[in-house]
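The values are calculated or read from the model by the stated rules, or taken from the named source; none is laboratory data. Remember, predicted model here, so these are calculated numbers, not experimental data. FYI the Cβ positions are ideal-geometry reconstructions off the backbone, even for glycines, and counts take in every protein chain you see. Ligands, DNA and RNA are excluded from the accessible area calculation, which covers all protein heavy atoms including side chains. Shrake-Rupley method; radii C 1.70, N 1.55, O 1.52, S 1.80 Å.
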Amino acid sequence: MASAPPTKRTAAQTLERATTILDKYGLPNHAERARRTFRDTSTMRTVVILGEVKRGKSSLVNALVGTRSLLPVDVDICTSVPIHISAATQKNQLGTIDLNYSGLLRQVPHAELADWGTLSGRYVTDPRIDELPSTIQVYAPDNPLRRLVLVDTPGAGGLDADAVKTALTAAQGAGVLLMVCDATTPITAPEMDILKQALEVVGSVVVAVTKTDKNLRRWRRIVEDDRRLLKKHTGRDIPVIGVSSLRAVDAAEMIDEERRARVEQSSGIAELREHLIAQISRADLLAQSAGLALAKSGLSQVQDKIAMELATIEKPVEVLEELEAQRQELKDLREHGQEWEQYLQRNIAQARHSILAEMDDELERLREYWTNLFNHQGMKVLRSKPQVFTSQIEAALGDTMQRSVSHVVRSLQREVDRLFGDQMVWQDIAQFAFQTLAPPELTSKEVRSKKENLVDPSLVTMGLAGGGMLAGVMGVAAAAVMPVAIIGGAWMGINMAYRAMRNGKQYLVQWLRETISQARMNVNRTIDALINTIRPEIIVRYRAHIRSQSDLVKEQIDAATRSARQDEAQRQKTVERLSKNQAVINGTVNEILAHVNRIDAAARLPLPQPGQQPAVSAAGATSAAASAGVAASAGVGARKDS
């Protein structure tokens, strides 16, 4: 049965064809992982909003979600803490916000948002308040951006210069970084610097030029100047869209649908929404590419099996010699198992020692940096912006902890790949470790639904009760990082910073020292828990792998022996059957390769600038179709959640 040309089937159909083959050839886990990865876009549906103070970020968020008063907006109001905005999924979320105290959630009325989340907020400035939230979750009653999560970050400038790094840390792993400038002047040098840094950590960047209604005669020239400057200084064609948030929220309240659509279009908000959704939809393409690649790796194993079966029929003598050598090698591995186990233990111990030493150096640098900052800024300045300070140090410590645990996980993964040569083995071991070590509250459906929108894309679970820093670095989804908020453990100490600030510099320095020490202990416990869980699993699985490979080689030797005794007619009949199966599988692999190449090319295409026609790739996919996630060749059209 000849394989249909790649263009005759969608990517989804090709994946289903491939996974059906994997099921039939005894690789159901591989098939299910490929299907799940193909559908998974959860890690990329975040838009992080960044910009200097007083550029209208909160007003822009209100305009994007079509609600005038979702976030507090006033000339004297400045956001003091990252605010996550998503569509409400439950009735009891409407009219409320969730305050996140480093993982512990507290629900309060939406009317208190300004009190908890702005620099001049009633509770933020109250010296009697010892604990303030590190992030806030806000629910939009009807979010035109559908499943996207917006993250409104505090502005940059002054003491908040470090907030740039904090915001960029939050942008790592996000779908899009939305840089907010305004129409009073072309992009400034500090804004250009921030944007250059952003381009290093997040691939998709869009610039919104706000307050066009205040500069009606010149805003279009400002937008063109910004595009030219961005191209000159970054070498990239970054989308720049002019927006009037005021006109956009006016439009949202209009009853006449035709008039509302017309005013939204003239305000620029409709175009910005379309661009953000188009950028985010690239996550669909990337997920499909990863799922197809997983299916291909499984089919490669099937191809090897069929090739060996053909060889045993066509060249039984040569195959028998090769198989006997393999059997002897596997026998030696079984008889000298202690040797490879000792090498494994040595490699892991060396990696652990090196990574922890590097982490200790980084934590000491952080301690010195923040101690000097305390001395330089003075307590009066720090007390004036307590949430800004704590969010910055939380992000700095979190980044260091994440890197350390991630390095250990990668070193363990390298050992697994070296021994097994199959990426699926690591996925299974990682899943086992996560299920073993993650505390019940992380996998609870109720807790998971409440925390799903409090995700900082770049951060992993740290300081969990029970010692886990696991979910973000274990690769629970097939080749993806599962982002979760920092909760519990050492991070409970972040809330103590507010009390230390009230008591004076000496207490703050002591708090910093103790928090860093606790962070170090948490990382050590987490790393040891990972190693003590994963190393025995590697050993047990590799022993089983050697046994199964020995059994397989024995079966192949028996098959080669039987083949040598068959007559020519029998051998020819078997060869025809295997060759037919091989052709089908080869055709499916070729389809996968064609789809992956087309999807990857579409995902790399630059989105068109406002007013331009979409570019067309050599494969015939338009960037508009690719970014909308509906190209027939990518197989996304049938998806309801794209």
* For segment 103-118, name all the residues that are open to solvent by less than 30 Å² (accessible area, probe 1.4 Å) and not in a helix (DSSP H, G or I). => G103, V108, T118
* **Matching residues in segment 361-395 - criterion: being surrounded by 15 or more Cβ atoms within 10 Å (Cβ to Cβ) and acidic (D, E)** => E362, E394
* Restricting segment 421-431 to residues that are of a type outside the set (S, T, N, Q) and open to solvent by less than 30 Å² (accessible area, probe 1.4 Å), which is nearest to K296 (Cα to Cα)? -> M424
* To do: Report whether or not A618 is out of contact with any helix residue (DSSP H, G or I) (no Cβ under 6 Å at 6 or more places or on another chain), at pLDDT below 75 and not in a helix (DSSP H, G or I).
  => yes
* Take G268 and decide whether it is open to solvent by 20 Å² or more (accessible area, probe 1.4 Å) and at positive phi. => no
* To do: Determine, yes or no, whether F434 is modelled with pLDDT of 75 or more and aromatic (F, W, Y).
  => no
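Let's see how each residue does on (1) of a type in the set (S, T, N, Q); (2) farther than 30 Å from A594 by Cα; (3) under 32 Å from the mean Cα position of the chain (by Cα):
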residue: T234; (1), (2), (3): yes, yes, yes
residue: G242; (1), (2), (3): no, yes, yes
residue: I255; (1), (2), (3): no, yes, no
residue: R262; (1), (2), (3): no, yes, no
residue: E271; (1), (2), (3): no, yes, yes
residue: S281; (1), (2), (3): yes, no, yes
residue: L286; (1), (2), (3): no, no, yes
residue: A307; (1), (2), (3): no, no, no
residue: I313; (1), (2), (3): no, yes, no
* Structure fact -> Among (1) open to solvent by less than 30 Å² (accessible area, probe 1.4 Å); (2) outside any strand (DSSP E or B), I136 falls short only on (2)
* Since L60 meets every condition but one in (1) under 27 Å from the mean Cα position of the chain (by Cα); (2) outside any helix (DSSP H, G or I), which condition does it not meet? -> (2)
* To do: Evaluate the following for A569: is it open to solvent by 30 Å² or more (accessible area, probe 1.4 Å), outside any loop (DSSP other than H, G, I, E, B), at pLDDT 90 or above and farther than 26 Å from W426 by Cα?
  => no
